[in-house]
Amino acid sequence: LGWMLRSATRSYFYPFITSISQQIGTTAEKGFSFTLDAGFGASNTYALRGVRFSIGLTGFAAGQTFVANLYSNTGGATPTILQTTGELDSDALGGTTASRGLEIIFPEDTLTALTPGTKYGVGLSCTNATSGSINTFTLADASARSAFPSPQLTYMTRTLASAYPPDASDGAFTETTSTIVSAELIIG
């Protein structure tokens, strides 16, 4: 249990109830949504260069591939892939050791300008059915998100209809506003 202090308009400190490892795999794409606020200026100023994830208890299996995608229209029937890492070799992670950091960098020639006020999502999936996981924090409620820096990374998941790797036909993501992902955006 984290320490929390609340006022009528804001939460402070670490208002999480539990930390959970969310497994990814061939049919389970998981990640987070985020929205840049107006402080990031006009559109075409910033792009998502990469993401740092906290890997959960289930490590990435050897001999697999995984992919990270940046999406727009995450709640729509056909989310749009704006950027992709392409398939990355899980052997580059140095084994199946879990509970550590994973830094993913998007190829520079695929970077898309982000527009403040627009919702985006980052999804992670893998060739192995139960390979890899990301850490999430379950909060007391959605309003507890105000204790964390902006943009907050809202947990999202979807079942891949076409299996790995994901494409636009796989349908909408479901968000859980009282859960955030332990990750960090690399914006450039």
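Computed quantities for the displayed model
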{"quantity": "Residue list for region 122-151, restricted to those being closer than 24 Å to residue 72 by Cβ and surrounded by fewer than 23 Cβ atoms within 10 Å (Cβ to Cβ)", "calculated": "142, 145, 148, 149, 150, 151"}
{"quantity": "Residues that are more than 12 Å from the chain's Cα centre (by Cα) and surrounded by 20 or more Cβ atoms within 10 Å (Cβ to Cβ), drawn from region 170-188", "calculated": "170"}
{"quantity": "Top-ranked residue in region 152-169 [being out of contact with any helix residue (DSSP H, G or I) (no Cβ under 9 Å at 6 or more places or on another chain) and closer than 20 Å to residue 53 by Cβ; ranked as surrounded by the fewest Cβ atoms within 10 Å (Cβ to Cβ)]", "calculated": "157"}
{"quantity": "Cross-chain or 6+ apart pairs with Cβ under 7 Å, region 144-159 first and among the hydroxyl-bearing types (Ser, Thr, Tyr), then open to solvent by less than 20 Å² (accessible area, probe 1.4 Å) and modelled with pLDDT under 75", "calculated": "146/11"}
{"quantity": "Pair list, Cβ under 7 Å, 6 or more apart: region 165-188 residue more than 29 Å from residue 45 (Cα to Cα), other residue small (Gly, Ala, Ser) and open to solvent by less than 40 Å² (accessible area, probe 1.4 Å)", "calculated": "165/125"}
{"quantity": "Any hit, region 104-127, residues being under 22 Å from residue 176 (Cα atoms), among the β-branched types (Val, Ile, Thr) and assigned to a loop (DSSP other than H, G, I, E, B)", "calculated": "yes"}
{"quantity": "Checklist (1) within 19 Å of residue 59 (Cα to Cα); (2) out of contact with any Asp or Glu (no Cβ under 8 Å at 6 or more places or on another chain) applied to residue 83, failing item", "calculated": "(1)"}
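The values are calculated or read from the model by the stated rules, or taken from the named source; none is laboratory data. Just so we're clear, the structure is a prediction, and the values are computed from it rather than from any experiment. Glycine gets a Cβ as well: all are built from the backbone with ideal geometry, and neighbour counts include every protein chain shown. SASA here: full protein model, heavy atoms, side chains in, ligands and nucleic acids out. Shrake-Rupley method; radii C 1.70, N 1.55, O 1.52, S 1.80 Å.
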